[in-house]
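Read through the structure below, which is laid out as structure tokens, and then see the notes.
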Amino acid sequence: MPLYDCMLLFKPVIRKEGLIDLVARIGKHVYSRNGVLTEVKSFGKVELGYGIRKLDGRHYQGQLMQITMMATPNMNKELHYLNKEDKLLRWLLVKHRDIKIGSSEMEDRQDESNRVTNRSIYDESSTDDEDDILGLSR
């Protein structure tokens with residue numbers, strides 16, 4: 001299962017209990033689809049670059065949270081119920097790129113070092129410019 005980050009931007013007036021309630025519902029939804037929440041971060045109140053207009057007015061601040069999860073690829077479609085959530089200003093689901101962990105990274109580095117070829121200084125394919133730099137004459 002791929003790793004996803006779900007960024008949630010809540011309205012600034014939402015109480016902490018409301019945030020926890022929505023995060024718990026998302027967690028239950030992910031868990032019911034055999035997924036796992038790996039991390040939950042809160043960034044607190046943030047100033048927005050522009051106002052986000054909702055039915056209750058324009059918001060220039062928000063409470064930002066990040067949920068990291070391992071979930072099925074169709075999780076993006078399943079989270080569209082968040083569009084109707086009145087506590088949220090915006091939400092975004094981002095898929096992590098492939099990250100190499102452990103020995104596979106070391107194997108890739110060894111493959112790269114094997115591709116490098118050492119050229120002999122006595123190789124006849126050297127150019128005249130190289131000979132001039134080295135102070136050699138033919």
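The values are calculated or read from the model by the stated rules, or taken from the named source; none is laboratory data. It should be emphasised that the depicted structure is a prediction, and the values quoted were computed from it without experimental measurement. Note that we place each Cβ from the backbone using ideal geometry, even for glycine, and neighbour counts take in every protein chain shown. These accessible areas exclude ligands, DNA and RNA; they are computed on the full protein's heavy atoms, side chains included. Shrake-Rupley method; radii C 1.70, N 1.55, O 1.52, S 1.80 Å.
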- line: For region 87-98, pairs from a residue that is among the aromatic types (Phe, Trp, Tyr) to a residue that is surrounded by fewer than 18 Cβ atoms within 10 Å (Cβ to Cβ) and at pLDDT 95 or above, with Cβ under 8 Å and 6 or more apart or across chains, are Trp91/Met7
query: So how many residues does region 43-72 have that are open to solvent by 70 Å² or more (accessible area, probe 1.4 Å), in contact (Cβ under 8 Å) with a residue 24 or more places away in the chain and within 14 Å of Cys6 (Cβ to Cβ)?
result: 1
- request: Kindly list the number of the only condition in (1) open to solvent by 20 Å² or more (accessible area, probe 1.4 Å); (2) in a helix (DSSP H, G or I); (3) of a type outside the set (Asp, Glu) that fails for Ile26.
  value: (1)
statement: Considering residues that are outside any strand (DSSP E or B) and crowded, with 16+ Cβ neighbours inside 10 Å, the number found within region 7-23 is 5
